[in-house]
1. Taking the stretch 119-138 on its own, how many of its residues are in a loop (DSSP other than H, G, I, E, B), free of Cβ contacts under 8 Å to residues at least 60 places away in the same chain and surrounded by fewer than 21 Cβ atoms within 10 Å (Cβ to Cβ)?
2. Which ones in the stretch 604-627 are outside any loop (DSSP other than H, G, I, E, B) and crowded, with 23+ Cβ neighbours inside 10 Å?
3. Only residues that are hydrophobic (A, V, I, L, M, F, W, C) and either under 16 Å from Ile771 (Cα atoms) or free of Cβ contacts under 8 Å to residues at least 12 places away in the same chain (or both): list them for the stretch 629-639, please.
4. Answer yes or no: is there a residue in the stretch 1048-1058 that is within 21 Å of Ala467 (Cα to Cα), in contact with a strand residue (DSSP E or B) (Cβ under 8 Å, 6 or more places away or on another chain) and at pLDDT below 90.
5. Among the hydroxyl-bearing types (Ser, Thr, Tyr) and either surrounded by fewer than 19 Cβ atoms within 10 Å (Cβ to Cβ) or modelled with pLDDT of 95 or more (or both): is that true of Tyr351 in this structure?
6. Out of all the residues in the stretch 829-838, is one or more touching a Ser or Thr at 6+ places or on another chain (Cβ under 9 Å), of a type outside the set (Ser, Thr, Tyr) and either modelled with pLDDT of 95 or more or assigned to a strand (DSSP E or B) (or both)?
7. When you look at Thr94, is it among the polar types (S, T, N, Q) and at pLDDT 95 or above, yes or no?
8. Can you tell me which residue among Asp202, Asp187, Asp115, Asp167 is modelled with pLDDT of 95 or more, surrounded by fewer than 19 Cβ atoms within 10 Å (Cβ to Cβ) and more than 16 Å from Val86 (Cα to Cα)?
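The values are calculated or read from the model by the stated rules, or taken from the named source; none is laboratory data. This one's a predicted model, so the numbers in the text were calculated from it and none came from an experiment. Every residue, glycine as well, gets a Cβ built from its backbone with ideal geometry; the counts of neighbours run over all protein chains shown.
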Amino acid sequence: MALRPDSVTTTTDLPEAGGPDFVHLHVHSEFSLLDGLGRIPSIVARAKALGQPAIALTDHGNLHGLMDFYTTARKAGIKPIIGCEVYVAPRSMTDREPKVDDRPYHLTLLARDLDGYRNLLRLVSAASIDGFYYKPRIDRALLERHANGLIALSGCMSGEVPRLLLDGQTDAARRSASWYADLFGRDHYLIEVQNQNLSGQDALNRNLVELARGLDLRVVAANDAHYVHPADHKAHDVLLCIQTGATVDQKNRMALETGEFYLKSGAEMLRQFTGLEDALSNTRFVADQVDLTLDFSRVNLPHFEVPPGETPSSYLRTLSFEGIQRRYGRVTDEQRTRLDYELSVIDRTGYPLYFLIVADYVRFARERGILAMPRGSVAGSLVIHGLGVCDIDPLAYKLMFERFLHDERIGMPDIDMDFADDRREEVIRYVQEKYGRDRVAQIITFGTMAARAAVRDVGRALGLTFAEVNPIARATPFGSSLAEARETPDLKDMIEADPRVREVIDLAEGVEGVARNASTHAAGLVISRDPLVDHVPLQRGTKGDDNVVTQWPMNAVEQAGMLKMDFLGLANLTIVDRTLTILKTFQGIDLDLDTIPTDDSDPMARTAFEMLGEGETTAVFQLESDGMRRCLRGLKPTKVSDLIAIVALYRPGPMDNIPAFTAAKNGQTPVTFLHPVLKPIMEETYGICVYQDQVLMMVREIAGFTWGEADVLRKAMGKKIGSLMAEQQEKFRSRAREKGYNDELISALWETIAPFAGYGFPKGHAAAYAILAYQTAYLKANYPAAYMAAVLTSVAGTADKVAEAIAECRRLGVIIGAPNVNRSAHGFTLELPEAETTGEEAHGDAGADRAAHTIRFGLSGVKFVGDAAVECLIKEREQNGPFIDLADLCSRLDLRQWNKRSLESLVKAGALDAFGDRASLLSGLDTAIGTGQQAGRSRISGQTTLFDLFAEAEPAAPVAATNQPVVVRSLSVAERRQQLTWEKEVLGLYLSEHPLTSGAAALRAASSCTVASISAEMVGEVVTIAGSVASVRPVTTKKGDTMAAVQLEDLSGTIELVVFPRTYQQSRTLLVEDSVVLIKGKIDARNDTPQIVCDSVEAFDPDTAVDDVTVPTPTTARSRPANRTQRDGAAGRSDATRATAGQARSTEVRTPVVAETTISEREASMDHGRGGGAASPPDASPPVAVVAAVPAPAPVPVA
């Protein structure tokens, strides 16, 4: 037996096919994550090309690729052998002792029949859920319970038997093999031999064959394939380096010693196993034993209990009719006819149970006050409306049911639900409890290696520096494949000029698209009638929690006939819910958003539509982008149906029709139709094709397509399959001709249809999004303080989003209160206005909301302050009253929760401004902490001081100081700047004022426009702007030069500067964070977002006298007001804001649009806030650091 002769012909010289019958029984795909390289279609295609009748898939410890492998192999006429290379714990799978239990044995398992398949599902699932320790592990005890129907191979060199032989433990190896043979049966346990020319493999194979002969066991040959073709070896080696973070030239790294781990032909395998031909024929013996057919045709819906005497169909009918009676009162003939029609379709397609299941968990959500809405075309169903799943009236908005479900539809329709994101888990828990935790799981998803990422990973593995590999990655167009990128001039030149670039691209193509990591799908949930493990392999969730996820991705779960639901968390629903809670609790306004007016005939609705028409859509759902703002400014929406149309049109393809739709809607162009027959279809959209539904109706009307045929056309265009599109176009033309339409009309119709079928929104989906968008706009326009408090709570923890929301509050004139240990809660809260705290009548209208209320910054938003510490502070404050001074605070807090760093953060954030200026507080902090620690030790030990005895004898009188303001000395400019630096450090933003505030007039004088006034419509204009540098991100160009992306902010907003290498080289000492500069550049736009291509940068002193500033002359005089509030007056506030000016109290930071404030106003305000020894009069501009240390009015929680 010459297993490894001294002189061997290279295997790559051997023929691709031919030789003895051979079947690969040990094969790894890309789902052996970052270890296997083979894609399943390539694996199957290779087996077919080699003439092999079957092939196995045995990924490491998982069954991720099972469904794709099974269906692909069956389609190719190859027998799929489902298997797994499992890890067997040396002791128990629950043992987790380091250096003992972290080296499990490998064992190759193959499913022989349906029994074996189900046992394999259980073994692999238990290994991950119960046995994971570095690897998913099983043990012998588990194997004994689930060995039926399985074939086992002894495995690679890391198998139990081979490893014992390598360690010289021959008797132990024989006992181990005997145990497995007794468990599986001697025809179902085979000794696996491999020969990839590895060191020590010859001797091991001889010992394995000898052991097998002695125990009368069969020997089977395998190649442990990790890639498909010999040429893939180097790419696979790079993949291992990516997995381990090593480089290819690194010694002692993880690597396969040779390039032999590919899918070999029978002839190649015979050459490797000369004299051991039976090891090859035994692979066919194993393959012939496999008799497994999986049936996924049956939909596995969970059990749902219906009342006695009811069927799912009859119960659905009952609930639907009861629901529309509640919604409409008297049911009309139109409603009854539509409901009967929908129920009949649902019956015929077999989905009543599905609808009941969805209605049940949505009912649960609504009963517990969890906001919910469906997304997609389901909004077109009156049954869904009656069941309470969707609040949109499909009849009022003329929504189609057939876009959602019709008799010819193949597959279950999707009913995807959005829930308030902070309560989504409650709905998931309800479903788990109702159907059983063993019957509900979330769904896995896989991240793949995109082209740019592949280039960067390969470059690192080859030892290239970031500066060397980054230009190659940047030369790869975003979103393109490497094959496409090769054809671009930049990358083509680089490849031709540098062989290292060619090597990087060649190898990156080899790993491009490979599965890189697993994670939990954001929304997917699967529900089963039986325990899920009977149908789907499971594993522990990828987030490290106790959740269980499927090992199959969503498409495989659906293909297997499982009920898949999408439970999405939507932050905007949470914002709406919090706003409604604030309004009800705080202002006594019980607002029902389902009943608010939907056109501008109502004054409050008009306020919302005017706001939208001016593009003031920060924090408004779906309408925030610059491009959408431009659309709204042109459209001037006056009713919700306008918003439904614009949400549908703002998509690639359909957006080309926005100008025509806007002009027709505003009466600037006449409404026309290509043919009178289209008028009923397109009249509501002014003759413009807006919705995907209209496309389907057009092809039915013009070409007589059935709903099923129309769906095929829509999907063909969506997937952009050229041959299928051409086929559908010809079908449309011929059918339309048969109905008497001329070729000119047919061509015009096709040109109308083509852009929409693939990209267009179904009207129901657009309606659901647009109505939520309108509701958020209505709340923001009429109740800005309540709404922005909810927004701030939603984005808390993301500094840039908090800063953006606070900037919007300032624009709206909503007061932001600094963190305050005596007032702040965890998150952002809304505080009562002065009138309400003094017992005066509170205002419950929208106007009272705007400036009288203060949004108080929460303590959890302060860096280095944990939730537990905040909880401790609030509890102490509620039990024993407000804190008097720093010493009192430190003596009462649990200093095990509060350390020096967290207390320093409170001081720097301004939360202790009531106790003195921040610098003095910081200098006295150590003393206060020491005193507090001593007090804490005294409390713990039960010691009582003399003062405590007096306190017990006679209650202390109120401290007089708590009723008087703490007078803080005036701060110098340098001290104010230090204070702002501290705020930026611990809050992520400037809160009390902006560093540029003191130089507002100089900034305005030096700038040709404000940042906020810049829009994409100004592309090409040259502007000059003074502002501060918020951040600098150096970027290496394709040529290796350094440029920068710089965030520049003025008092109106932030914009990105693109600073090319020459300019950056000249100005890099000026472009540093927090520096103030004057830049000149040309406006550009990227993805509809304006940016400035910077031509020059110079230092700028914001404290420069206005007379000394040279006012720039813009190239094109197009400086314009940024928004409505800037046009409203010098302070840039709305009427409601100006009417309540001066009502803010101590610690409230007034926030007008500073760019419109005069120097004298600013100085007067600053002097009032910093100087003197008396408190400010009630109507004066409030001081920043003068705080009355009195008990605060109870805040209304936002969260």
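1. Applying the first criterion (in a loop (DSSP other than H, G, I, E, B)) to the stretch 119-138 yields 130-132, 134, 136.
If we keep only those that are free of Cβ contacts under 8 Å to residues at least 60 places away in the same chain too, we end up with 130-131, 134.
Applying the additional criterion that residues be surrounded by fewer than 21 Cβ atoms within 10 Å (Cβ to Cβ) yields 130, 134.
Adding up the residues that qualify gives 2.
2. Ala608, Phe609, Leu612
3. Within the stretch 629-639, just Leu632 meets the criteria.
4. no
5. No; evaluated as a whole, the condition is false for this residue.
6. yes
7. No; evaluated as a whole, the condition is false for this residue.
8. Asp115
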